[in-house]
Each structure stands twice: as C-alpha cells, then as structure tokens.
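Read the structure below first, then the notes.
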Amino acid sequence: MRIRTQDYNNVTVVELQGELDGDFAEMLKNTITEIITTNKTGLVLDMRSVAFIDSRGLEELLWARDYCNENKRGIRLAGLDENCSKILEITRLENEFDCYAELSEAVKSFE
C-alpha cells in the first residue's frame, strides 16, 4: 500500500494504492490522525487504485469515519472499483460512507 496526500483548499485527498489490509492499517491511521489535526474541513479517500479491502481494512475505514465525526470533519470515499463496492455491500457497510464515483465530485461535496 502506498499513501499520497494532496490538499484542495479545505479538503485533503488521501490517495491509496494497493490493498487496504492489516499490513497497512497503522500507516493509514497515522496519516488520517495527522490530517485531522489540521484545520481542513474534509477528507476524501481516493480508492481508485485499491483492489481489495480485508476485515482490518474495513475496521480502519470505520475508525476513520468515527474519528472524523468526533472531530467534526467530513469523510468521503471516491472511485471505489466493483470489487471494493461489492465488499462494502456484502458487509452491509455501503450506507456507512458517502461514496462518489469521481474524485472531483467528492472534493466538491465539501463546498
């Protein structure tokens, strides 16, 4: 898993590449914690290059959602592929996140 961040006004986009699994859960948690301590209003997880999410990855997504809510920040998922969308659906988590097909739509949703 590789993680890159980029700021768009008051929104930080976290681009994830690879598999969202237990091996990289701590790296994602540290990245999100660092971002939320800034004055950004929103966080978008760019999932276009994520091919798989395991149970630990799902736990981290739920943690990220809760952490953002606790800190009065919004979180969006963008660019989920069919496989990752299916994983959220099977685990009944598809309604737990605001999901957008396009990254630009997710960023604009904070305006």
Scanning segment 57-111 for residues that are out of contact with any Asp or Glu (no Cβ under 8 Å at 6 or more places or on another chain) and among the hydroxyl-bearing types (Ser, Thr, Tyr), which turns out farthest from Thr38 (Cα to Cα)?
Thr91
Which of the residues spanning segment 13-27 are outside any helix (DSSP H, G or I) and touching an Asp or Glu at 6+ places or on another chain (Cβ under 8 Å)?
Val13, Val14, Glu15, Leu16, Glu19, Leu20, Asp21
Gly42 being farther than 21 Å from Gln6 by Cα and at pLDDT below 95
no
List the pairs whose first member sits in segment 65-80 and is in contact (Cβ under 8 Å) with a residue 12 or more places away in the chain and more than 21 Å from Ser104 (Cβ to Cβ), whose second member is outside any helix (DSSP H, G or I) and among the basic types (Lys, Arg), and whose Cβ atoms are under 9 Å apart, counting only residues at least 6 apart or on separate chains?
Tyr67/Arg73
Checked segment 31-57 for anything over 17 Å from Ser85 (Cβ atoms) and over 13 Å from the mean Cα position of the chain (by Cα); matches are Glu34, Thr37, Thr38, Asn39, Lys40, Thr41, Arg56
Among helices (runs of 4 or more DSSP H) completely within segment 28-111, the ones holding 2 or more residues that are of a type in the set (S, T, N, Q) are 55-70, 82-90
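The values are calculated or read from the model by the stated rules, or taken from the named source; none is laboratory data. In this text the structure is predicted, and so the values were computed from the model without any measurement. Note: ideal-geometry Cβ built from the backbone for every residue, glycine included; neighbour counts use all protein chains shown.
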